[in-house]
Amino acid sequence: MKNLVILISGRGSNMVAIAEACAAEGWDARIAAVISNRIDAQGLVYAQRNGIPTAVVNHRDFEDREAFDAALAQVIDGFEPDLVVLAGFMRILTPGFVQHYSGRMLNIHPSLLPAFPGLHTHRRAIEAGCKVAGTTVHVVTPELDHGPIVAQAVVQVRPDDTEDTLAARVLVMEHRLYPRALRWWIEGVLEVTVDGRVVHLGGEPQQLIGG
C-alpha cells in the first residue's frame with residue numbers, strides 16, 4: 001500500500017477530494033499524513049475529524065527557506081511517503097527539497113501550463129482574452145510550475161466571467177482531475193520519458209478532460 005503525504009496551506013479542498021476518492025474507489029494507498037505550514041489551515045480540521053494524522057511546520061519559525069524545507073522534509077519523511085502531494089501548498093520550495101523527492105512529488109496548478117505559471121492565473125487568463133482556461137497536474141521540478149505534465153482539465157471562459165466565477169469552475173475540475181492523476185500514479189501507469197514528457201500507459205481515459 002502506498003503512503004501519500006499531502007501538503008496544504010488553507011482549506012484543503014483538493015485534499016478532501018483526494019481523501020474521498022481514495023476511500024470510495026478503494027485505492028491501494030492511504031493518506032499517511034496531512035501537513036501544513038499554517039496552524040490555522042482549515043484542512044487540518046477535516047483531516048483530524050477523519051482520523052488522518054496531521055502536523056504543522058510553521059514557516060514563520062525559520063530564518064530562511066532552506067531551514068524551513070529541511071525541517072519540513074524531516075517531518076514528511078517520518079511518515080515514510082511514497083508520494084508527496086502538493087494541494088494548495090503556498091510555499092516556493094528550494095531545489096534541494098525538490099531533489100529529495102524527485103519523481104515522487106506532484107502538484108496541481110490552476111492554469112493550462114505552460115501558460116500562466118505563478119499567481120493570479122484566472123485574472124491573467126481573462127485579461128489575455130483566453131477562450132479556455134483550466135488546471136494542470138504536473139511533476140514537481142526545481143523550476144516553478146514547469147514540471148512534466150501528467151493531466152489537464154479545460155473549462156470555457158465565458159464573456160461575463162470574473163476572476164471568482166472562473167476560479168470556481170476550474171476548482172470543480174481540479175477536484176475531478178487530481179484524484180484521477182494520483183490513481184494513475186498509484187497504479188503505475190505513468191512514465192516520465194527521457195525527453196521530459198509524461199506518458200500515460202494502459203487503457204485509461206485521455207489525459208485531458210473537459211468541463
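Loop-located GluC sites (Glu not before Pro) across the range 1-88 with a Cβ neighbour count of 15 or fewer within 10 Å are Glu63, with loop assigned by DSSP.
Taking Cα atoms only, the orientation of helix 65-77 departs from the longest principal axis of the chain by about 70 degrees. Using the Cα gyration tensor of the range 108-211, with a ≥ b ≥ c the square roots of its eigenvalues, what is the shape: rounded (a/c below 1.5), prolate (a/b larger than b/c) or oblate (neither)? Prolate, because a/c is 1.5 or more and a/b exceeds b/c. Tilt of helix 13-25 relative to the longest C-alpha principal axis of the chain, in degrees (0 to 90, nearest 10)? So the inclination is approximately 80 degrees. The longest stretch of the chain left intact once loop-based trypsin sites (Lys or Arg not before Pro) with at most 11 other Cβ atoms within 10 Å are removed from consideration, loops following DSSP, is 1-130. Note on the range 1-101: Cα Rg divided by 2.2 N^0.38 Å, N the number of residues, gives 1.02. Adding -39500 (n - 2.57) for every DSSP H run of four residues or longer, then dividing by how many residues the chain holds, sets the calculated 222 nm ellipticity at -10500 deg cm²/dmol. The three principal axes of the C-alpha atoms in the chain carry coordinate ranges of 46, 40, 37 Å, sorted with the longest axis first.
Here the residues Val172, Val137, Val157, ranked from fewest to most Cβ neighbours within 10 Å of their Cβ, fall in the order Val172, Val157, Val137.
Looking at the range 76-181, the GluC sites (Glu not before Pro) that sit in a DSSP loop and have at most 12 other Cβ atoms within 10 Å of their own Cβ are Glu143.
Values in this text are rule-based calculations from the coordinates and carry no lab data. Since the model is a prediction, treat every value here as computed from it, not as a measurement. Cβ atoms come from the backbone with ideal geometry, glycine included; neighbour counts cover every protein chain shown.
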